[in-house]
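Taking it in order: structure first as structure tokens, then the write-up.
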Amino acid sequence: MKIETLNTLLEEELKDIYDAEKRLVRAIPKMAKTASSAELRQALEEHLEVTKGHVERLEQVFELLGIPAKAKVCAGMKGLIEEGEEVMGNDATEALMDTAIIGAAQRVEHYEMAAYNTARRLAQRLGNTDAVELLEETLTEEEEADEKLTEICEQLLEEMSAEVAPAGGEAGHRKKMSGTRTSQA
């Protein structure tokens, strides 16, 4: 596709984000199911509902712009989800797996924040304040999800460090960590 206008660029950005969000609606439940931490599981399940709202909000933006809500393959999100699935297939203790899941989820959030920020700026430049407001609302929710994941990660890391005896080193650490997750196909 040849992109010659800001309108066309915005449309392409929105199609990419639309595909990304729809992929996440399918991927987040797998992450939540794999999470051991009740707080992480709940945060992921809540963000799944928020993500469904992002899909609807994008459809509103498409409508405001007078273009059909169509997705184009988002290679970036596809890759991030594949990496997340690979992480979830690793053999790790529950706490380490939850920490790894958070890392994968935060990479997704940062990708989304960059995408929404770009789309918001384009809509702003084009003077579409209604689209700007919708995109900004989603951007804020993505930032909040990232902050929540950081809080949960910090709690997990605190719990892990409290479980490690001062002289225990890595061997002591492994003994004290509860539960081991096996590879899941």
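The values are calculated or read from the model by the stated rules, or taken from the named source; none is laboratory data. Just so it is clear, the model here is predicted, and its values are computed rather than measured. FYI the Cβ positions are ideal-geometry reconstructions off the backbone, even for glycines, and counts take in every protein chain you see.
Give region 76-96 a look and list any residue that's among the aliphatic types (A, V, I, L, M) and either surrounded by fewer than 15 Cβ atoms within 10 Å (Cβ to Cβ) or under 13 Å from the mean Cα position of the chain (by Cα) (or both), or say none.
Across region 76-96, the qualifying residues are 77, 80, 81.
Among the listed residues 70, 2, 15, which satisfies the condition of being free of Cβ contacts under 8 Å to residues at least 60 places away in the same chain, surrounded by fewer than 16 Cβ atoms within 10 Å (Cβ to Cβ), in contact with a Lys or Arg (Cβ under 8 Å, 6 or more places away or on another chain) and not β-branched (Val, Ile, Thr)?
Matching residue, one of 70, 2, 15: 70.
Got at least one residue in region 79-98 being touching a strand residue (DSSP E or B) at 6+ places or on another chain (Cβ under 7 Å) and among the hydroxyl-bearing types (Ser, Thr, Tyr)?
The answer is yes, given that some residue of region 79-98 is touching a strand residue (DSSP E or B) at 6+ places or on another chain (Cβ under 7 Å) and among the hydroxyl-bearing types (Ser, Thr, Tyr).
Quickly run through region 114-168 and pick out the residues that are surrounded by 13 or more Cβ atoms within 10 Å (Cβ to Cβ), at pLDDT below 95 and part of a loop (DSSP other than H, G, I, E, B).
Hits for region 114-168 are 164, 168.
Every residue, every condition in (1) part of a helix (DSSP H, G or I); (2) modelled with pLDDT of 95 or more, yes or no:
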| residue | (1), (2) |
| --- | --- |
| 1 | no, no |
| 10 | yes, yes |
| 13 | yes, yes |
| 26 | yes, yes |
| 32 | yes, yes |
| 41 | yes, yes |
| 58 | yes, yes |
| 70 | no, yes |
| 81 | yes, yes |
